[in-house]
Every structure is written in structure tokens, then in C-alpha cells.
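Before any comments, here is the structure.
Just so you know, all these numbers are worked out from the coordinates, no wet-lab data involved. What you see is a predicted model; the values in this text were computed from it and never measured. We place every Cβ from the backbone using ideal geometry, glycine too, and count neighbours over all the protein chains shown.
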Amino acid sequence: MSFMSTAPATLNPWVRILGALEKKVNRQSFETWLKPTRFSHVSGKLLIVRIPTADFEHIGDRYGDLIQEAIDKLELEFEDVSFVTAEKDPSLARMREDGGFAPQPDHSPSAPPAQEAAPSKNNGAAARPQQAGGPQQARFDWSAAAQLNPRYTFDGFVTGAGNQFARAAAMAVAERPSKAYNPLFLYGGVGMGKTHLMQAIGHEMKRTIPTASICYVSSEKFTNEMINSLRYDKMTSFRDKFRTVDLLLIDDIQFLAQKERTQEEFFHTFNALHENMKQIVIASDRPPKELAEIEDRLRSRFEWGLIADIQPPDLETKVAILQKKAESEQMALPIDVALFIASNVRTNVRELEGALTRLFAWCGLNGVEITLPTAQQCLKQFIDTQVRKITIEAIQRVVAEQFGMRVVELKQKNNSRPVVVPRQIAMYLAKQMTEASLPEIGRAFGGKHHTTVMHSIAKIDEQRRADKDLNRTLNKLQESLNS
Ligand SMILES: Nc1ncnc2c1ncn2[C@@H]1O[C@H](COP(=O)(O)OP(=O)(O)OP(=O)(O)O)[C@@H](O)[C@H]1O
């Protein structure tokens with residue numbers, strides 16, 4: 001009698017064998033050596049079982065008799081059981097050829113029935129979501145973990161010049177997970193919509209592949225969970241949880257800086273997922289090459305796929321974002337009010353939304369209509385803090401910090417390139433962000449002539465247009481001065 005005719009539809013043969021072994025083997029050994037194994041496939045009378053690493057190969061010797069006993073008792077027709085790692089498993093190669101999440105009906109006589117066919121995603125070989133598995137193989141239920149914000153969809157995302165590229169890349173990834181760009185690395189300043197965009201990928205994938213397991217996690221949460229798992233000796237389930245997802249969205253990767261143990265763990269998670277053609281999306285406040293305290297091997301992996309930056313929204317985009325938010329809250333927002341808010345809140349979309357929420361609440365509580373004068377009155381304090389006086393000293397401080405130098409160096413008569421560029425940047429920002437005249441700026445930089453100041457400003461202004469990295473550095477400096 002074949003297992004195919006006797007097995008309950010939802011249990012694969014290895015799960016049934018594990019069920020029998022669990023009663024015979026002590027708990028510790030079962031948890032350590034048997035639980036991490038997964039059913040792979042059947043070839044003739046050979047049952048192939050996936051093991052996480054070669055260290056598990058001795059299972060056959062150690063538990064051979066008990067396994068045979070279970071096979072007999074369950075009336076299965078296997079003559080042998082083979083334990084293989086993902087690299088040695090031929091089904092992995094087949095899955096890879098078939099690719100991604102495409103449905104792969106397999107009616108060959110040796111293949112297990114469809115509902116129990118997929119090898120487990122534990123050690124990463126499965127290429128499609130599966131339902132098989134008894135209690136021993138219970139996997140973390142990502143869909144029940146409610147990690148995606150329902151607002152963060154592609155529909156709710158306003159596209160403008162600054163985020164067009166990132167949005168298109170995100171859409172491509174959502175439509176063709178693991179085939180378009182893997183990983184997708186999104187970066188941009190605070191409140192620019194990175195989280196929104198990465199979660200939109202999750203929503204879209206959930207819509208097109210409802211069974212896909214999708215994990216959104218910040219790198220901080222990843223770290224904390226790992227520390228707890230280490231403490232409570234639960235690393236196997238930690239690994240199982242993160243290395244078996246179909247889509248991993250990891251936010252704020254810059255927080256992995258200096259956390260060597262977490263980086264190591266994430267490195268293996270990344271490899272397991274990438275190797276098994278699972279999609280990875282990473283968000284960061286800076287590009288990979290600027291993640292100075294992240295190991296080279298991880299940084300270089302971040303560059304394997306596509307890197308897309310999100311630049312601050314322009315005025316029109318900010319107005320459109322405000323209108324969209326007002327619409328979703330079913331509130332009327334006059335265009336002059338939207339323009340007033342958009343032109344006074346500089347770049348951070350979160351603050352833009354905060355201003356609008358405040359305005360709606362204020363008008364509601366006071367029972368007044370939303371008009372330009374009420375907006376000006378209600379947001380006065382909010383906007384005043386946004387445009388609070390920025391001094392040349394403050395600019396010199398943040399620029400010096402950014403370039404790892406002392407403020408006094410910006411004022412010295414040193415004209416070497418490492419000093420000249422930061423000085424020109426600081427002069428440029430002084431002109432942009434303060435009321436100071438050219439001679440005043442010159443004086444603040446150790447008595448430079450006003451034509452030198454003028455030349456510096458013009459130079460940075462021109463370079464900013466052509467040099468994306470410089471543009472980003474300037475945005476970042478402006479953001480930190482504004483915050
Ligand atoms: N283009 C956009 N269209 C609509 N809403 C946006 C857009 N960009 C940002 N937002 C909104 O702004 C808020 C902040 O965005 P989000 O949290 O995604 O930013 P972030 O870049 O991840 O910020 P942080 O660096 O702080 O993690 C969210 O409510 C988000 O919905």
C-alpha cells in the first residue's frame with residue numbers, strides 16, 4: 001500500500017514519521033536533530049528529507065532503526081530514506097529552473113500529491129508557498145502578525161520627480177518578486193516614504209499571491225528578537241521564522257551598524273533567502289557605500305540588485321500628498337491652504353501630514369472652517385519651529401561633523417581640497433538658510449572676501465544639480481539643521 005493512498009491529505013510522509021519518532025526520542029534530541037528537518041520529495045521508493053546542514057547527516061545512522069519501525073508501522077512503502085542539504089537536493093535545482101513563485105503542477109508518479117508536494121521552506125529550497133506540515137513543522141504565521149500598515153499601499157503613494165524611480169522599482173519587484181531586482185535597496189531621508197513604499201510591495205504581493213508569507217521587520221526588531229532567541233536558546237525557531245519567508249522587508253538597516261552578531265545572522269538570512277529566490281527589500285537612510293559600520297560582505301550584497309533613492313518631494317508633490325490625505329479623511333482642503341502648508345513645511349512628509357492632522361483637529365474642536373487665515377493662525381507655532389532661526393555657527397557645526405573635521409578648520413587659511421569643499425558647502429548653506437549677507441558670511445569664515453563667498457556658493461549650486469550624492473548630502477544637512 002502506498003503512502004499516497006493512506007496519508008491524510010494534509011500530512012506528508014516525513015511529518016507522519018516524525019510524529020511517530022517524537023514519541024520515541026527524548027525531547028531535547030527531537031528538538032535538536034529531528035524537528036529542523038523537512039520533507040523534500042519522493043523518488044521511487046526513496047524518501048528524501050532535507051536537513052539544514054551536513055551536521056545532520058548522522059540522523060540516518062542514529063535513528064535508522066526507529067525510522068524503519070515508523071515506516072513499517074505506518075505501512076509506508078519506502079525502502080530507504082536519504083538526508084540531503086539544500087545544496088545537494090536535486091529538487092532545488094528544478095525549483096530554480098521553474099523559477100520564483102510560478103505555479104508548478106507536478107503530476108509525475110514519483111512526486112507527492114500537490115497539497116503536500118512542496119519541500120519545506122525551512123532550509124530554504126521551496127519556491128512556492130506550501131500548506132504541508134503537522135504540528136512539528138508549524139511555521140510562524142506572518143499573515144496573522146499584522147505587520148503591514150493598511151494605509152501604505154501603492155494607491156496611497158503620491159508619485160513625484162523625487163520618488164518616481166523608487167516607486168517604479170518597487171512596483172517591478174511587487175509584480176515579479178525575486179525576478180526583477182533582488183535585493184531592492186531603497187534609501188532616502190527621514191519621512192520620505194521608504195517604509196510606505198516597501199510595505200506597498202508587501203500589500204501588492206499579498207494581493208497577487210495570497211499564500212505568500214511576508215515579513216516586515218525593522219532591523220532593531222530583528223536584533224531584539226535575535227538577542228531574545230539567543231538568551232532563551234531558540235535560535236532554530238528564529239532562523240526558521242526569518243529564513244522561510246517569501247518576501248522579507250527589512251527597514252532602517254543602518255541600525256545594524258556595529259552589531260556584529262546580528263549582522264552575521266542577517267548575512268545568513270540574506271543568503272538563505274537570496275539563494276532560494278525569495279525577494280528581499282531593504283530600506284536605509286543612506287546608500288550601501290555609506291553604511292560604514294556594516295561589514296563589507298553585507299554591503300556588497302546590498303548592491304547586488306537595484307539601489308533606488310527617494311529625494312525630497314517638490315512643492316507640487318507635497319500639495320498632492322496633502323490633498324490625498326485630506327481626501328482619505330473625507331475633508332475638504334482649499335488649494336491655498338494646501339500651498340501654504342506645503343511651502344512652509346520643508347521636506348519631511350511625516351511633518352507635512354502632522355501639520356494637516358493638527359489643522360483638521362484644531363478646526364474641528366473650534367468649530368471653524370478650514371481657510372487660509374485659520375490655517376495661518378493654527379499652524380503659526382508649528383511653522384515657526386520649522387523656520388526657527390538657523391545660525392552660521394550651527395551650520396558650521398553640522399558641516400564639520402559631517403566631514404569629520406573641527407569647526408576651526410573651516411575658518412583657517414587652508415585651501416586643500418578636504419577643507420575647501422566642506423567650507424564651500426557651509427557657505428552655500430549659510431546663504432540658503434540664514435539672512436546673512438555675503439560679507440557677513442565671509443567674516444564668519446575667518447575673513448574671506450565676499451567674492452570668494454559668491455564663487456563658493458555658485459560652485460556648489462552648479463555641482464548640486466549634476467552630483468546626486470552632493471545633493472543628498474546637502475538635503476541631509478538641511479534636514480538636520482531644520483530638525
Ligand atoms: N509619496 C508619498 N505619498 C503619500 N504619502 C507619503 C509619501 N511619502 C511619504 N508619505 C507618508 O509620510 C509618512 C512617513 O513616511 P515613511 O514612514 O514611509 O517614511 P520613511 O522614509 O520610512 O521615514 P523614516 O526614515 O523615519 O523611517 C507616512 O505616513 C507616509 O504614508
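Results, tabulated for the structure shown:
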| read-out | value |
| --- | --- |
| The stretch 176-199 versus the stretch 250-278: alpha-carbon centroid distance in Å | 15 |
| 5 angstrom amide H check on F39, placed H, neighbours 5+ away | R50, S120 |
| Sorted peptide list for 400-411, 278-289, criterion being average Cβ within 10 angstrom, highest first | 278-289, 400-411 |
| Reach of K380 by Cα under 28 Å, taken over lysines that are not fewer than 8 positions away in the same chain | K318, K324, K325, K389, K431, K476 |
| Cα centre as origin, Lys/Arg/Asp/Glu Cβ charges: the stretch 144-309 dipole, Debye | 340 |
| Convex hull per residue volume in Å³, alpha carbons only, for the stretch 144-309 | 106 |
| Dipole magnitude of the stretch 315-386 about its Cα centre (Cβ charges: Lys, Arg +1; Asp, Glu -1), debye to nearest 20 | 180 |
| For the stretch 315-386, alpha-carbon Rg over 2.2 N^0.38 Å | 0.97 |
| Relative packing of 210-219, 26-35, 364-373, which averages over residues the other C-beta atoms within 10 Å, highest first | 210-219, 26-35, 364-373 |
| Qualifying lysines (Cα of each under 26 Å from Cα of K179; at least 8 residues distant if same chain) | K88, K121, K194, K206, K241, K278, K289 |
| Rule-of-thumb Rg ratio for the stretch 13-84 [Cα; 2.2 N^0.38 Å; N residues] | 0.99 |
| Backbone HN-Hα couplings from phi across the stretch 272-278 [Karplus 6.51/-1.76/1.60, Hz, Gly and Pro as x] | 4, 5, 4, 4, 9, 6, 9 |
| For the stretch 353-370, Karplus couplings with θ = phi - 60° (6.51, -1.76, 1.60), whole Hz, Gly/Pro x | 5, x, 5, 5, 4, 4, 4, 4, 5, 4, 5, x, 5, 8, x, 10, 7, 7 |
| Pairs of Cα atoms farther than 18 Å apart, the stretch 369-447, % | 49 |
| Size of charge dipole - the stretch 392-482 - debye, nearest 20, with Cβ of Lys, Arg +1 and Asp, Glu -1, no other charges | 240 |
| Karplus (6.51, -1.76, 1.60) ³J(HN,Hα), θ = phi - 60°, over the stretch 55-65, in Hz, Gly and Pro reported as x | 4, 8, 4, 6, 3, x, 6, 6, 10, x, 5 |
